[in-house]
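Chemist: Input: one structure, supplied below.
The values are calculated or read from the model by the stated rules, or taken from the named source; none is laboratory data. Source: prediction; values computed, not measured. As a convention, Cβ positions derive from the backbone with ideal geometry for all residues, glycine included, and neighbour counts pool all protein chains shown. Just so you know, the surface numbers come from the protein's heavy atoms only, side chains and all, with ligands and any DNA or RNA stripped out. Shrake-Rupley method; radii C 1.70, N 1.55, O 1.52, S 1.80 Å.
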Amino acid sequence: MITIDRVSKTKSRTLILHDVTFEARPGRVTGFLGPNGAGKTSTLRILLGLDRPQSGTALICGRPYGKLDRPLTTVGALLDGSGAHRARTARAHLRWVAASNGLPDSRADEVLEVVGLTGDARKRAGRFSLGMSRRLGLATALLGDPEVLVLDEPVNGLDPVGIRWMRTFLRDSAAQGRTVLLSSHLMGELAEIADDVIVIDKGRIVIQGRLADVTGDHHTLEDAFFALTAAEADRPW
Amino acid sequence: MNTARAELRKLLTLPSLRLTALLTWTATLLLTYAYAAAESRGEPLGDAAALAPLGYTQAGFLVLGVLAAASEYQDGGQIHTTLLAMPRRLPLQAVKALALGAVTLPVAAATAATSTLPANGATWMPAATAYLTLTTLLGAAVAGVVRRAVPAVILLLGMYFIAGPLLRARPGSIAAAYLPDTAALNPSRGAAATIIWTLSALTLAALTFHRRDA
Amino acid sequence: MVSLVRAELRKLLGLPTAWVGLVLGTLMAPAVVLLNAPYTRRAITAGTLTDTSDLGLRDLGIGLIGPMVLGVVVVSSEYTSTSQNAPGARQLTATLTAVPDRLRLLLAKTTALVLIVAAQAAVTAAATLTLTQVLHGEHAPVPAPARVAAAILYWTLTALLAYAITLITRNGIVPLALLIINSTVVSVSFLLSKVTDLAAYLPDIVGTRMFIRGTDFPVEIAPVTAGLVMTAWVAVLLAVGAVLFHRRDV
């Protein structure tokens, strides 16, 4: 369960998030949709304790990220990049992360297998392609077998097989009762997997609800999105 | 405990740290040889042959600290992984310093022994070991604030090898006793300065790390 | 070629670290002359400083951190990652896509570096030497133009030396550490010259013989010979760097 309550943030005097409020519930895939620079990544970074909000709270299972014990066993997160130092091998990277949360070394090889990187375990992260880097990032997120998944643009850089795999994986995770929150600017992609949709534009939540409700009378989610954000575009700050 | 294990693993699996340690030790060996050779020819290069090589190779320890801290911020964005796994930043920063100190200590001891023992300066060895370890932590603290390796190296080496000697060379200079590297040549005189500089830099690094968006 | 050089100049001047090198390198030497003026004057009147022919020129050495930083960042910036998504992505990829001929690229880079450093050296030398004349004019002879030109050449060759080493190591930290430690008051090269006379031919030591007259040196080397020896060092290292740059995968 993810609860974001009236989160605001200013960065170099610009208001980048304004009273952002939403929930992501267990057993459902929640899609966080918005154009580039709308505030998706900033919201996720605040949720994960990487950035600090000026006001408001962002909680995971009722607690701020920083108060979680062995956080990787509760939340798995995928941000941009692999999150691995280029000189370290994939296995060495996963092993230090595992050690940090008291997980056994064997988890490293298990998650490498889940994401299909078993054969590249001894390769240095700097030699990975974009798609492989993303898989390594996902492997890191899965180390603690978390009940909450937070993913920033998870299909970026994946090939068609990877995209399909990711879609199935996220649906299965939700079916097992996990909370899945993913951001994307790809509306078609989101319409395929999300149960609930939250649309953000210029730091404000424009609409949120079940996929069908958000799409409403519009033909597709994409049409709905443009109708909603175009209406917002003229609003003065 | 988990945090310490993770941080130690990180340091031990970084190839650039091993390479830096090896190069630093080799350079110390060569310089010690140069000093000994000059002495045996009857024209010593200075009066503190036991410590003088370390005055140069301390640069390797500064670089060691810089690389350890800056590696978090290099490409790949490892700092995100670190903070997602260990979100409590102040304890994390303390453990990082301890882990780096623990990894550096044997390298510092080997380097200090290489320089002091051949010159009959065994009594200086513990102090030199402590000094080099603290210097590494100072380097790490500065790189933690700057977050990029090359600018941090320019800043630190510029301070230690260009600004420092300049300040010290001025007649009647009082700066000599207050610079962080005074202890490199005169441990009894500069110990306090080294400790205070290192602790201040570590505190500054911890505060910025705590307050800044990652 | 002109547009290539212009692009490289623009790239270099867009780097904050390059500006650190430009500002530090230009200001250090004049600042030191100014700050040390009372001590220098006292030393001259007390008779402890008798050989004043190197005054000013000797102080230039302190600004060498400027050309070193510039020479290093010209290359090291190409090898820093530009994208978190793919740790393998480097600016060099974009550079080589724009200029696939690697030797032409290197030529443009070298030209840009030489232009910037020579300009910096000329400004610094003019400022430092004018200041020395104003402060100690009655004691310090005006250095011959050839010696000033040699000092500018020394700065430029030092930048090229840093640049060549970085081309070989592909990493800025090794050359920076080597060169900065060696530019300290008592340099390692100088120490080595006490052990073996051959060390007098190391690039940084031999280079200073182009314009410094002071005589605490084991080997006497004529200025022109000194210039040729340092140029040979730079040429060999640059050639190695260029061959590696040409052959290596990005």
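Chemist: Assuming a ≥ b ≥ c are the square roots of the Cα gyration tensor eigenvalues, decide whether segment B:2-211 counts as rounded (a/c under 1.5), prolate (otherwise, with a/b larger than b/c) or oblate. Don't skip to the answer; put the middle values down first.
Modeler: Details: a/c = 2.19, a/b = 1.65, b/c = 1.32.
Judged from the Cα gyration tensor, segment B:2-211 comes out prolate (a/c at least 1.5, a/b above b/c).
Chemist: Quick check: residue separation of C:Gln133 and C:Leu27 times 0.36 nm, minus the Cα distance between them. What number comes out in nm? Spell out each step's value before the answer.
Modeler: Values: separation 106, 0.36 × 106 = 38.16 nm, distance 1.72 nm.
Taking C:Gln133 through C:Leu27 to full extension adds about 36.4 nm, to one decimal.
Chemist: Still on this model: Once whole DSSP H runs in chain C are found, which of them have Cα atoms spread over 15 Å or more along the helix axis and a mean Kyte-Doolittle score of at least 0.5? Show your work: numbers first, answer last.
Modeler: On the way: long enough: C:2-13 (16 Å, 0.68); C:16-46 (44 Å, 0.96); C:65-76 (16 Å, 2.33); C:102-136 (49 Å, 1.27); C:145-169 (36 Å, 1.48); C:223-247 (36 Å, 1.67).
Span-like helices, by this rule, are C:2-13, C:16-46, C:65-76, C:102-136, C:145-169, C:223-247.
Chemist: Right, here's the next one. With a Förster radius of 45 Å, plug the Cβ-Cβ distance of C:Ala144 and C:Thr93 into 1/(1 + (r/R0)^6) and report the FRET value to the nearest 0.05.
Modeler: Numbers: r = 48 Å, r/R0 = 1.07.
So, using R0 = 45 Å, E works out to roughly 0.40.
Chemist: For C:Lys11, go through the lysines and keep the ones whose alpha-carbon is under 25 Å away, minus same-chain ones fewer than eight residues off.
Modeler: In chain and number order, the partners are C:Lys109.
Chemist: Per residue, what accessible area does the protein assembly as shown have, given a 1.4 Å probe and all protein chains present, in Å²? Let's see the in-between values first.
Modeler: Working: 29770 Å² over 701 residues.
Counting only protein heavy atoms, the per-residue value for the protein assembly as shown is 42 Å².
Chemist: Around A:Val206, which amide H atoms from residues at least 5 apart in sequence, or from another chain, sit under 5 Å from its own amide H, with H modelled in the peptide plane?
Modeler: A:Val199, A:Ile200, A:Asp201
Chemist: Express in nm, to one decimal, how much length is gained between B:Ala94 and B:Glu43 on full extension, taking 0.36 nm for each residue of separation and deducting their alpha carbon distance. Kindly include the intermediate steps, with their values, before the conclusion.
Modeler: Details: separation 51, 0.36 × 51 = 18.36 nm, distance 4.65 nm.
Answer, rounded to one decimal: 13.7 nm.
Chemist: Top to bottom by accessible area (1.4 Å), largest first, where do A:Leu79, B:Leu202, B:Leu30 land? Kindly include the intermediate steps, with their values, before the conclusion.
Modeler: Details: A:Leu79 15, B:Leu202 45, B:Leu30 115 Å².
My answer, sorted largest first, is B:Leu30, B:Leu202, A:Leu79.
Chemist: Now for a separate question. For chain B, what does the helix formula give at 222 nm: sum of -39500 (n - 2.57) over DSSP H segments with n ≥ 4, over the residue count, nearest 500 deg cm²/dmol? Walk me through the intermediate numbers first.
Modeler: Working: 9 runs with 155 residues, N = 214.
That calculation yields -24500 deg cm²/dmol at 222 nm.
Chemist: What fraction of the Cα pairs in segment A:121-203, stated in percent, has a spacing above 22 angstrom? Write out the running numbers ahead of the final one.
Modeler: Working: 961 of 3403 pairs.
Pairs farther apart than 22 Å: 28 percent.
Chemist: How many square angstrom of accessible surface are buried between A and C, both sides summed, with a 1.4 Å probe and rounding to 100?
Modeler: Values: alone 11610 and 12520 Å², together 23470 Å².
The summed interface area works out to 700 Å².
Chemist: For B:Lys10, give me every one of the aspartates and glutamates with a C-alpha distance below 17 angstrom, ignoring sequence neighbours fewer than eight places off in its own chain.
Modeler: In chain and number order, the partners are A:Asp105, B:Glu72, B:Asp75.
Chemist: How far is it, in nm, from the label point at B:Tyr178 to the one at C:Ala222 when both lie 7 Å from their Cα along the line to the Cβ?
Modeler: It works out to 5.1 nm between the two label points.
Chemist: Tell me, which residues of segment A:113-132 get at least 30 Å² less accessible area when the other protein chains come in, versus the chain alone (1.4 Å probe)?
Modeler: For segment A:113-132, once contacts with the other chains are taken into account, A:Leu130 lose 30 Å² or more.
Chemist: Another question, if that's okay. Between 0 and 90 degrees, rounded to the nearest ten: what's the tilt of helix A:160-175 against the longest Cα principal axis of chain A?
Modeler: 80 degrees
Chemist: Within chain B, which whole H helices from DSSP have a Cα span along their axis of at least 24 Å and a mean Kyte-Doolittle hydropathy of 1.0 or more, if any? Please list the in-between numbers first.
Modeler: Numbers: long enough: B:15-40 (38 Å, 0.74); B:52-70 (28 Å, 1.43); B:89-116 (38 Å, 1.03); B:125-146 (32 Å, 1.55); B:187-211 (36 Å, 0.73).
Answer set is B:52-70, B:89-116, B:125-146.
Chemist: With a 1.4 Å probe and all protein chains left in place, how much of the accessible area of segment C:107-250 comes from carbon and sulfur atoms, in whole percent?
Modeler: Working: 4410 of 6070 Å².
Heavy-atom surface of segment C:107-250 belonging to carbon and sulfur, 1.4 Å probe: 73 percent.
Chemist: Please list B:Val150, C:Val117 in order of solvent-accessible area, largest first, computed with a 1.4 Å probe with all protein chains present.
Modeler: Values: B:Val150 30, C:Val117 0 Å².
My answer, sorted largest first, is B:Val150, C:Val117.
Chemist: Choose one answer from B:Arg170, B:Arg89, B:Arg147: the residue with the largest mean-square fluctuation in a GNM of chain B with alpha-carbon springs under 10 Å.
Modeler: Maximum fluctuation in the GNM of chain B, among the listed residues, is at B:Arg170.
Chemist: Rounded to a whole number, what % of the accessible area of segment B:1-121 do carbon and sulfur atoms account for, probe 1.4 Å? Could the numbers behind the result be given before it?
Modeler: Working: 3240 of 4690 Å².
The computed percentage sits at 69.
Chemist: Something else about it: Take every DSSP beta bridge whose two residues both sit in the protein assembly as shown, then give the antiparallel share in percent to the nearest 5.
Modeler: On the way: 21 of 39 bridges.
So the antiparallel bridges amount to about 55 percent of the total.
Chemist: Taking chain A as the reference, fit the longest principal axis to its C-alpha atoms, fit the long axis of helix A:221-233 to the helix C-alpha atoms, and give the angle between the two in degrees, 0 to 90, nearest 10.
Modeler: Around 60 degrees separate the two axes.
Chemist: Taking Cα atoms, how many degrees apart are the long axis of helix A:130-142 and the longest axis of chain A, rounded to 10 and kept between 0 and 90?
Modeler: Long axis of A:130-142 versus the principal axis of chain A: about 90 degrees.
Chemist: Obtain the nm distance between the two label points defined at A:Glu113 and C:Arg213 by a simple spin-label model: each point lies 7 Å from its Cα along the Cα-to-C-beta direction.
Modeler: With each label point 7 Å from Cα toward Cβ, the separation is 8.0 nm.
Chemist: Sticking with this structure for a sec: Between segment B:177-214 and segment A:96-133, what is the separation of their alpha carbon centroids in Å?
Modeler: After rounding, the separation between the Cα centres reads 37 Å.
Chemist: Assign one of three labels to segment A:77-144, namely rounded, prolate or oblate, based on the Cα gyration tensor with a ≥ b ≥ c the square roots of its eigenvalues; rounded applies when a/c is under 1.5, prolate when it is not and a/b is larger than b/c, and oblate otherwise.
Modeler: Numbers: a/c = 1.43, a/b = 1.36, b/c = 1.05.
It is rounded, given that a/c, with a ≥ b ≥ c, falls under 1.5.
Chemist: A further question on this structure: Note down the nm distance, to one decimal, between modelled labels 7 Å out along Cα→Cβ at B:Leu23 and at A:Phe226.
Modeler: 5.5 nm
Chemist: I would also like to ask the following. Enter the per residue convex hull volume of segment C:155-250, computed from alpha-carbon coordinates, in Å³ rounded to the nearest integer.
Modeler: Numbers: hull volume 9.4 nm³, N = 96.
So the per-residue Cα hull volume is 98 Å³.
Chemist: Antiparallel versus total DSSP beta bridges in chain A: what percent is that, nearest 5? Show your work: numbers first, answer last.
Modeler: On the way: 20 of 38 bridges.
Just about 55 percent of them are antiparallel.
Chemist: Between chains B and C, what is the buried accessible area summed over both chains (1.4 Å probe, protein heavy atoms, nearest 100 Å²)?
Modeler: Numbers: alone 11530 and 12520 Å², together 21400 Å².
It comes to approximately 2700 Å² buried between B and C.
Chemist: Total Lys pairs in chain A closer than 30 Å by alpha-carbon, pairs eight or more apart in sequence or interchain only?
Modeler: So the count works out to 9.
Chemist: Springs between alpha-carbon atoms under 10 Å, Gaussian network over chain B: tell me which of B:Pro187, B:Pro87, B:Pro53 tops the mean-square fluctuations.
Modeler: Highest fluctuation of the listed residues: B:Pro87.
Chemist: Counting protein heavy atoms only and a 1.4 angstrom probe, how many square angstrom of accessible surface do chains B and A bury in total, to the nearest 100? Intermediate results must be reported in sequence, preceding the final value.
Modeler: Working: alone 11530 and 11610 Å², together 20460 Å².
Buried: approximately 2700 Å² between A and B.
Chemist: Now, a different point. When you take every Cα atom in chain C, what is the radius of gyration, and what is Dmax, the widest Cα pair distance, in Å?
Modeler: 19.3, 65
Chemist: Which of rounded, prolate or oblate describes chain A when judged by the alpha-carbon gyration tensor and an a/c cut-off of 1.5? Show your work: numbers first, answer last.
Modeler: Numbers: a/c = 1.83, a/b = 1.53, b/c = 1.20.
Cα axes put chain A in the prolate bin.
Chemist: For segment A:111-237, with all protein chains present and a 1.4 Å probe, just round the carbon and sulfur fraction of the accessible area to a whole percent. Numbers along the way, then the final one.
Modeler: Values: 2920 of 5900 Å².
The computed percentage sits at 49.
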